[in-house]
Amino acid sequence: MLFLCIVCLGQNTFAQNDNAIELVFAKNVTNSIKHENTTVAKGNVEFKHGTTRLFCDSALYFRDKDLIHAYGKVQINQADTVNLYCDSLKYDGKTKISKLISNVRFRDKEYLLLTDSLEYNSNSSIGKYKNWATITTVNSDLTLTSKKGYYYSTNKTFFFKDSVHVTDEKYELFSDTLEFRTLEESAHFHGPTTILLDSSTVECSRGNYFTKTDDVQLWNGATILEPGRRFYADSLIFNQTKDIGEGFCNVNLYDSTEQVKFLSDYLYKIKNNEQIILKENARILNYSEKDTLYLGGDTITYYQDTLTENKKTVIENNVVIYNQGLFVRCDSAYYSEPDSILKLHKSPIIWNENRQLYADSILSAYYDNKFHNMELFENAMIISEFDSTHYDQVKGKYMKAKLDSSNIEQIRVETNAQTLYFVSEESKDTLTPDKKVLMGMNKVDCNIIVLRFLEQEINSIAFLDIPTSVFTPIEQVKPKDLYLKGFKWEIDKKPSPILTD
């Protein structure tokens, strides 16, 4: 009798329409007294609509509106891939939209979603909630909460908005907007995001995190904070497990333990910063209480031995170095911390106050954040500007300079030493008493020459071998005799004062 009742109701209300809702089973089926054209179904109720099946304890089916109100142990199953549970539901057969209310649960083989209300569209296979939800996984400790969210069941993707919080055994995440692709286990950030990892914190605006491989891809400005280190770049690629990272554009890596900052438009680092490569506007700032050492070049490679804690730096092409008023330009440089030796190669030039030093190569002791002894090899020359036309010059095959706080105190010139300097006296004109008047030019050849400086000026010159000296009155000096062989005054190449903040 029950079977005949169901068949009759089905024939009268569903009109054999392939797209109509079908009442598959119910223990008790009657017509509603309160509502016209409405079926009341009770007991193990099952409806079918296309690939969607609806189960509940009881339901009202508004036949003319193609609408179902389901109550008690409600379940929606779509193509055996989506399972939704709740206490009550409204299902619109025309739009295939279900509105689930109270104790809503979504399940698949991997994820469980809990919320108090949810809307699910069977046409698009999209579910959405607007009043908080918690998502957990069957096979891991991952838990996610957010105020709003969407689930795209076709491609197994969650999209979360507003106050997103993810906890996992490997990380914790806070975000404004997050897309989680379950098939590839990847998180995609579309708003301000903070990721707490084992030993670091990641802050970004946009990016991807692949949880299986621990690969992080960030852009629109990203920062990684580690104990004693801060790593920023406009775009950043990073692997937490391998501790390998690449930064692109406006890269800034600051190590507060070593008081050193790495700047460039490209950076590559390996584990524990054992090697850092900087390219494109590469710079290193080494801070101290008194001053800052600035190193710049096309490419800078920084090595750090984690066992010995020894460090070395190699700078290649267009090298610029600055410290305490001492400027350096060359084509390549090498600094070894164990030896405290800075090597300058390929036509290095050094400027200090009004002096310029250069040679084929220069080797300097650098420690305690200061330049100390300096050696110049082959074609070494020091030039001081007397005025825009006349220059004091000292030349030799080998020079050794003694410095104090990067200021030259003494220079010793050995092997084929020559000096050319101008002699002057104070002006006797009472209107210009401070003006110096050139008297002549003195040229001296000697095997060894020692120059001593006081307050940045030459205080004395000592000739430690039998010198050959020629003095020429200034009016008799020919233009071609104003310079020693190899003279080059390249003040235009001197770097401008550098901002080190």
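Observations
- Top-ranked residue in the range 352-399 [being of a type in the set (Phe, Trp, Tyr) and either at pLDDT below 90 or within 38 Å of the chain's Cα centre (by Cα) (or both); ranked as surrounded by the most Cβ atoms within 10 Å (Cβ to Cβ)]: Phe371
- In the set (1) surrounded by 14 or more Cβ atoms within 10 Å (Cβ to Cβ); (2) over 18 Å from Thr241 (Cβ atoms), the condition left unmet by Leu142 is number (2).
- The range 204-232 residues that are closer than 22 Å to Asn273 by Cα, paired with ones that are of a type in the set (Lys, Arg) and not in a loop (DSSP other than H, G, I, E, B) (beta carbon under 9 Å, 6 or more apart): Leu218/Arg206; Trp219/Arg206; Gly221/Arg206; Ala222/Arg206; Thr223/Arg230; Ile224/Arg230; Phe231/Lys269
- Selection over the range 434-448 of residues that are surrounded by 11 or more Cβ atoms within 10 Å (Cβ to Cβ) and either closer than 23 Å to Ser406 by Cα or at pLDDT below 80 (or both) gives a count of 2.
- Lone qualifier among Leu451, Leu431, Leu484 - being surrounded by 13 or more Cβ atoms within 10 Å (Cβ to Cβ) and either closer than 19 Å to Ala401 by Cα or modelled with pLDDT under 90 (or both): Leu451
- Of all the numbered requirements in (1) closer than 27 Å to Asn155 by Cβ; (2) out of contact with any Leu (no Cβ under 7 Å at 6 or more places or on another chain); (3) surrounded by 15 or more Cβ atoms within 10 Å (Cβ to Cβ), Leu67 misses one, and that requirement is (1).
- Residue within the range 291-304 that is outside any strand (DSSP E or B) and in contact (Cβ under 8 Å) with a residue 60 or more places away in the chain present: yes
- If the condition is being of a type in the set (S, T, N, Q) and in contact with a Gly (Cβ under 9 Å, 6 or more places away or on another chain), then the range 190-225 contributes Thr193, Ser205, Gln217, Asn220.
- Residue that is surrounded by the most Cβ atoms within 10 Å (Cβ to Cβ), among those in the range 454-481 that are part of a helix (DSSP H, G or I) and among the acidic types (Asp, Glu): Asp481
- A count restricted to the range 228-258 and to residues that are in a strand (DSSP E or B) and touching a Cys at 6+ places or on another chain (Cβ under 9 Å) stands at 3.
- Taking the range 136-170 as the range and being closer than 30 Å to Lys94 by Cβ and of a type in the set (Val, Ile, Thr) as the test, the residues that pass are Thr154, Thr157.
- Taking the range 310-353 and the strands (runs of 3 or more DSSP E) fully enclosed by it, the elements with 2 or more residues that are touching a Lys or Arg at 6+ places or on another chain (Cβ under 9 Å) and in contact (Cβ under 8 Å) with a residue 12 or more places away in the chain are at 311-323, 326-336, 349-352.
- Restricting the range 386-400 to residues that are in a strand (DSSP E or B) and out of contact with any Lys or Arg (no Cβ under 8 Å at 6 or more places or on another chain), the residue that is nearest to Tyr334 (Cα to Cα): Tyr398
- Each residue in the range 205-227 was checked for being part of a strand (DSSP E or B) and basic (Lys, Arg), and 1 pass.
The values are calculated or read from the model by the stated rules, or taken from the named source; none is laboratory data. Please read all numbers here as calculations on a predicted model, not as lab measurements. All Cβ positions, glycine included, derive from the backbone under ideal geometry; neighbour counts span all protein chains shown.
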